[in-house]
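Worksheet for the structure shown next.
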Amino acid sequence: KGAYKDGKLDGLYEKYYENGQLWQKGLFKGGRYHGTFEHYYPNGQICRKVNFREGRFHGPFVSYWDDGRLQKKGTYDMNRMCGEWFDLGETLTYPSCPSSLEDGN
């Protein structure tokens with residue numbers, strides 16, 4: 001379920017599994033992902049939490065296995081991975097993030 005403005009998703013959006021369990025929840029702006037978006041496994045455990053700006057990955061990203069163990073964690077700068085990432089048990093380093101992202105913006 002979600003609200004539309006000028007024929008495009010705008011505002012809070014929620015999608016559910018057939019059993020009524022929350023599957024996805026997040027914000028849209030002008031038909032694009034914008035802000036924090038969360039995905040859940042059928043068991044209710046969080047799958048991933050990502051941030052968007054104008055439809056692009058931007059800001060903190062974290063994903064988990066269905067048992068709650070960390071899978072990936074890092075930061076995006078307009079669809080580009082930046083800074084340190086934890087990815088499937090390894091630490092990877094990408095070009096530095098802009099200081100505004102390091103401050104959590």
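General observations
- Inter-part distance, the range 5-21 to the range 61-105, computed on C-alpha centroids, equals 26 Å.
- Residue-averaged 222 nm ellipticity for the chain, from DSSP H runs of 4+ at -39500 (n - 2.57), nearest 500: -500 deg cm²/dmol
- Simple rule: put +1 on each Lys or Arg Cβ and -1 on each Asp or Glu Cβ in the chain, find the dipole, and look at G68, L88, Q45; the Cα lying farthest toward the positive end is Q45.
- The range 47-105: C-alpha gyration tensor shape, a/c 1.5 cut-off, then a/b vs b/c: oblate
- Between the amide H of Y94 and those of G83, E84, W85, distances stay under 5 Å, these residues lying 5 or more places away or on another chain, with hydrogens modeled in the peptide plane.
- Scanning residues 5 or more positions from W23 or on other chains, those with amide H under 5 Å from its amide H are K15, Y16, Y17, with H placed 1.01 Å from N in the peptide plane.
- Shape box of the chain [Cα atoms, principal axes, largest first, Å]: 39, 34, 17
- On full extension, the segment bounded by Y16 and A3 gains 3.1 nm, given 0.36 nm per residue less the C-alpha separation.
- Database note for the chain: Cys without another Cys beta carbon under 4.7 angstrom, C47.
Values quoted throughout were computed directly from the atomic coordinates according to the rules given, and no laboratory measurement underlies them. This is a predicted model, so every value here is computed, not measured. Quick reminder, even Gly has a Cβ in these numbers, built from the backbone with ideal geometry, and neighbours come from all protein chains shown.
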